[in-house]
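So the structure is just underneath, and the comments pick up after that.
The values are calculated or read from the model by the stated rules, or taken from the named source; none is laboratory data. Because the structure is a prediction, the values reported are computed rather than measured. FYI the Cβ positions are ideal-geometry reconstructions off the backbone, even for glycines, and counts take in every protein chain you see. For the accessible areas, the whole protein counts, side chains as well, though only heavy atoms, and no ligand, DNA or RNA atoms are used. Shrake-Rupley method; radii C 1.70, N 1.55, O 1.52, S 1.80 Å.
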Amino acid sequence: MRNFYLVFKQSFRERVTSKSYLTTTFALILISIFAISLPSILENFADPKEEMVVVSNAADITVSELEKQLTDWEWKEGAQQQIESLKKEAQEGKIAGLYLIDDNASNYSVTYFSKSNDVALNSSLSQYLQAKNTQRIADSNGMSEADQQSLFVPVAMEKGQFTSENEVSVFVIYLMLMFILMAVMMYGTTIATGVASEKASRVMEVMVTKVNPLAMIFGKIFGIALASLMQFAAFFGSVALYLKSGLVEPAQSLGNFDLNLSALTVEHCVYFFIFFLLGYLLYASLYAVFGSMVSRPEELNGTTMPISILLMVSAFSGILFVMDDPASTLSKFMATFPFTSPFNMIILIMKDAASFGEIALSIGLLVITTFAFGYFAAKVYPKGILHFGENLKLRQLIMRKS
């Protein structure tokens, strides 16, 4: 146990005091705060309202009323004798548009001069004038005020939700899967790089012969795991405090994607943490083994490519297959199989498609597989560390004698 603690402490300290670790942590926090604040920043730099000049020959259509009804544009009143000069200003772009409103026997008519041809404005102005004309006809025919109001009751339109209010939105699940994928790849690569770099250390050669390999491999993995959890705790904590400060309002959607963060429960977060941690430990063991197979850190990319492919297949298989049909046999299998369960069981949990027994079975198999591969990594790890020269293949590493 003492050896495990020493390796754990050394791995943790080396990670949290490294320049790259501190730089990445602050960069994640700053980028996230900037992304959250971006909508508010863009509002401050939004273009000013476009200036529209109106010449009205209808007594009941005034500039003050247009300002109240069509608030997205700035309205100014023009005189009849200014029409020609205003046309020239509209043509030169000095004003956004010139609108001439006349009162005909049956309705209003509008002639406009504009280079931009604002469709939204034309539609809004047309609807407003149509409503005014309807009200005018109703008044002339002696309709009661209640009947007039019923003419202008808008059609009820409400955006439907693809998921119920208590179901986590698909986009949030996407973010969770991408978070697990990027975190495991990033910190797994850190472990592989550290193992490959240690080959040049004489101290490591002594430690391999003196320290229990199981304590050594798990001390390194858990040390970097704690450092990664601290990094993400700092990240999420800073973002939460920033949102709590009230300086900005969190967005309810991102583009066409609903966030629906209110549907996340404590149970969801606990399961997410469990599968993230177990998935990290499983793949970290593999990264440690593959890291010991190379002679130099520069050769890691090609050697660890199978692990990266397995990770991406596991994550994107959930997006392509499990997300659409979480109750299928294939989805249940992928949520139980240890190498794919860290990603796919999360989908089933967020969609309330997994029973407690299925979750427990998935966690149990993942724990057993993680320790089995950790034990395997501990057995072959010293062989790879003490090997110099050409890169080893996995079969050679297994068959190699200590």
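In table form, for the structure just shown:
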quantity: Convex hull (Cα only) mean projected area of the stretch 61-134, reported in nm² to one decimal; calculated: 5.0
quantity: Stretchable slack from residue 24 to residue 109, in nm (0.36 nm times residue separation minus alpha-carbon distance); calculated: 24.4 nm
quantity: Order of exposure, largest accessible area first, which applies to 66, 264 with probe 1.4 Å; calculated: 264, 66
quantity: Förster radius 60 Å - calculated FRET efficiency between residue 60 and residue 298 (Cβ-Cβ, nearest 0.05); calculated: 0.15
quantity: Segment residue 6-residue 312, extension gain: residue separation times 0.36 nm, minus the distance between their alpha carbons; calculated: 106.8 nm
quantity: Net charge, residue 25 excluded, C-beta distance under 13 Å - Lys, Arg +1, Asp, Glu -1; calculated: +2
quantity: Label-point separation in nm, residue 247 to residue 305, each point 7 Å along Cα→Cβ; calculated: 4.5
quantity: Accessible-area order (highest first, 1.4 angstrom probe) of the listed residues 2, 13; calculated: 2, 13
quantity: Solvent accessible area, Å² - residue 74, 1.4 Å probe, full protein context; calculated: 80
quantity: Residue-span extension gain [residue 69 to residue 266] - 0.36 nm each, minus C-alpha spacing; calculated: 66.3 nm
quantity: Accessible area in the full protein assembly, largest first, 1.4 Å probe, for 76, 132, 379; calculated: 379, 76, 132
quantity: Cα→Cβ-extended label distance, 7 Å offset, between residue 77 and residue 328, nm; calculated: 6.7
quantity: Solvent-accessible area of residue 182 with every protein chain in place, 1.4 Å probe, in Å² to the nearest 10; calculated: 120
quantity: Label-point separation in nm, residue 144 to residue 186, each point 7 Å along Cα→Cβ; calculated: 6.7
quantity: Packing rank of 54-64, 16-26, 316-326, 332-342, where each peptide gets the mean count of other beta carbons within 10 Å, highest leading; calculated: 332-342, 316-326, 54-64, 16-26
